[in-house]
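Colleague: Encoded as structure tokens, here's the structure I'll be asking about.
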Amino acid sequence: MTFYFSVEKLNSFVVSAKTARYEGQTVGIFPHRPGSIDIQFWPNFGDFRYLLSRFGLMRDYVLQEIVYIGDEPVWAMNTYCRLSHDDFSRPRIDDMIDDGFLKIYKEGRFLGGGEYSSGKYAFLDANQGDVLSFFGKATITFDGEVAFDISYHGGVLVEGWHIKANKYARSYSLNKSTKQS
């Protein structure tokens, strides 16, 4: 099976899904794995859909985000989040995470870095790459001291697939390999 999508459409969908997540427009679903909290975003956006799984609730946690076209995973992002120590206000840090990332998403992007501050708290996000392959780090500081670290990476999933770029249309065709025995 061959799927076609443009880099711009994939990026737009990822931004839409992340914005919906931070604005509470996603739907909680039955967990796919023990210990996970799963949410789904499946808007009127062609065959794209988004699934996020979260493991851990309090101090440290991991997120796995997957974008599907039909039933095929085509893009993923993994995130590890860590509270530096318990002296910091977790609700205030969560507000800074939400406000900082939502500010970036409202600009129509999820990469490219960003800054946001409120009182003695500051949010700083820096990353490299594009929607096809990226890594980054965000931090929340309180009065200059690191309170929370977020490390993330991801991109298009190509294992077992061939990716061909059409430099004129900037679309990508993912052709599933078929091996004959």
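The values are calculated or read from the model by the stated rules, or taken from the named source; none is laboratory data. In this text, all values refer to a predicted model and were calculated from it rather than measured experimentally. Here Cβ is always computed from backbone atoms with ideal geometry, including for glycine, and neighbour counts include all displayed protein chains.
Colleague: Of all residues in region 27-59, how many are farther than 22 Å from Val156 by Cα, at pLDDT 80 or above, β-branched (Val, Ile, Thr) and touching a Phe, Trp or Tyr at 6+ places or on another chain (Cβ under 9 Å)?
Modeller: Within region 27-59, residues that are farther than 22 Å from Val156 by Cα, at pLDDT 80 or above, β-branched (Val, Ile, Thr) and touching a Phe, Trp or Tyr at 6+ places or on another chain (Cβ under 9 Å) number 1.
Colleague: Still on this model: Based on this model, can you work out whether Ser53 counts as not in a strand (DSSP E or B) and not hydrophobic (A, V, I, L, M, F, W, C)?
Modeller: On the way: not in a strand (DSSP E or B): no; not hydrophobic (A, V, I, L, M, F, W, C): yes.
It is false that Ser53 is not in a strand (DSSP E or B) and not hydrophobic (A, V, I, L, M, F, W, C).
Colleague: I want to confirm something. Restricting to region 16-46 and keeping residues that are surrounded by 13 or more Cβ atoms within 10 Å (Cβ to Cβ) and of a type in the set (D, E, K, R), which single residue is farthest from Asp94 (Cα to Cα)?
Modeller: Asp38
Colleague: Within the bounds of region 74-96, is there any residue that is out of contact with any helix residue (DSSP H, G or I) (no Cβ under 9 Å at 6 or more places or on another chain), of a type in the set (Asp, Glu), more than 19 Å from Gly136 (Cβ to Cβ) and touching a residue at least 60 places away in the same chain (Cβ under 8 Å)?
Modeller: No; the residues of region 74-96 include none that is out of contact with any helix residue (DSSP H, G or I) (no Cβ under 9 Å at 6 or more places or on another chain), of a type in the set (Asp, Glu), more than 19 Å from Gly136 (Cβ to Cβ) and touching a residue at least 60 places away in the same chain (Cβ under 8 Å).
Colleague: Step by step: first the residues of region 65-115, then only those that are of a type in the set (Phe, Trp, Tyr) and part of a strand (DSSP E or B), then the one that is farthest from the chain's Cα centre (by Cα). Which residue is that?
Modeller: It comes out as Tyr68.
Colleague: Determine whether region 10-26 contains at least one residue that is over 20 Å from Gly154 (Cβ atoms), part of a loop (DSSP other than H, G, I, E, B) and not charged (D, E, K, R).
Modeller: Checked against the condition, which is being over 20 Å from Gly154 (Cβ atoms), part of a loop (DSSP other than H, G, I, E, B) and not charged (D, E, K, R), region 10-26 yields at least one hit.
Conditions (1) loosely packed, with under 13 Cβ neighbours inside 10 Å; (2) modelled with pLDDT of 95 or more; (3) closer than 20 Å to Tyr22 by Cα, marked per residue:
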| position | (1), (2), (3) |
| --- | --- |
| His85 | yes, no, no |
| Arg92 | no, no, yes |
| Met96 | no, no, yes |
| Leu102 | no, no, yes |
| Gly114 | no, no, yes |
| Lys120 | yes, no, no |
| Gly136 | no, yes, yes |
| Phe142 | no, no, no |
